[in-house]
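Data block below; observations after.
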């Protein structure tokens, strides 16, 4: 069976096992979580999150890009969230490449260099701090005071908080 | 207790309940899922997904932006995924705004108009088709043939597939 057909069949069982019911579009915990697309991080399970509680944003690396700022602006200005929780993780695919290398690879394959940064990184904790600062310094966001950053260990499933120097 | 402290405490219980163990960084189902940040969609539960199986990308609307193309390019070219599953949903916050309106709101609040599209939409099924086409037509992706689009009903938890005309 095709992999997508397989998940559609799983969804049929899931939907049949639950009562229908409506939850508000505005997250009840007034929280947005930004994390990596990594397949080993089940955000709802790992944080004990339930339906309707928090927005979950995910991309390669869990970095704060324009698309994340766009999403957080909508989340805060229209859907009532306040706090931002950033989660990076160890053994990340983004540590195994460089912007120069991957841009060259894309240009060689397509003839065109991408107009966007790849957002590779080599220092995990520093990249979390960088993401915290990008949130704190984006004028498009309503709330920039309640932002905290973490590293998730994909082997032990533990979160570790990353502190940012007070002067930032 | 602070909302983030609350989730960190949940994570402590979660990590303690599981054995440590390593899974490969490359998703075993060779699949990337792109969906909305909406708080009512627990992707792992709704699709019967397990750790290590698929990349999960999420933003406001579940639309294909440059950041999603960046992430899918890394996912396919470095981490071995092939298929792309797109999931939008009903009662989406992005249907309640317009690009013009939200751009004006940001400009009024900050003095600066954003350099990115807001990606609002009014026709849900058409927006899924638009996202399918953006994947199919991005030269940066290695695999563009196995892409399917769905709408998730946040009340009944059911997926509905969106067909794309053969000529696209």
Residue A:55 fails exactly one of (1) at negative phi; (2) more than 11 Å from the chain's Cα centre (by Cα), namely (2)
In region B:141-165, anything more than 23 Å from residue B:39 (Cβ to Cβ) and assigned to a loop (DSSP other than H, G, I, E, B) is listed as B:141, B:142, B:143, B:144, B:145, B:146, B:163, B:164, B:165
Taking region A:30-52 and keeping residues free of Cβ contacts under 8 Å to residues at least 60 places away in the same chain, more than 8 Å from the chain's Cα centre (by Cα) and crowded, with 24+ Cβ neighbours inside 10 Å leaves A:31, A:32, A:39, A:47
If you go through B:138, B:120, the only one that is farther than 24 Å from residue A:7 by Cβ, modelled with pLDDT of 95 or more and outside any strand (DSSP E or B) is B:120
Do we find that residue B:115 is more than 7 Å from every other protein chain (Cβ to nearest Cβ), farther than 21 Å from residue B:160 by Cβ and in a helix (DSSP H, G or I) in this structure? no
Scanning region A:145-159 for residues that are over 16 Å from residue A:40 (Cβ atoms) and surrounded by fewer than 19 Cβ atoms within 10 Å (Cβ to Cβ) gives A:145, A:146
The residue from B:61, B:80 that alone is in contact with a strand residue (DSSP E or B) (Cβ under 6 Å, 6 or more places away or on another chain) and in contact (Cβ under 8 Å) with a residue 12 or more places away in the chain is B:61
Residue pairs qualifying under the 8 Å Cβ cut-off, at least six apart or on distinct chains, with the first in region B:1-25 being farther than 20 Å from residue B:51 by Cβ and the second being part of a helix (DSSP H, G or I), are B:1/B:9
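The values are calculated or read from the model by the stated rules, or taken from the named source; none is laboratory data. Everything numeric here is computed off the predicted structure, so don't read it as measured data. Here Cβ is always computed from backbone atoms with ideal geometry, including for glycine, and neighbour counts include all displayed protein chains.
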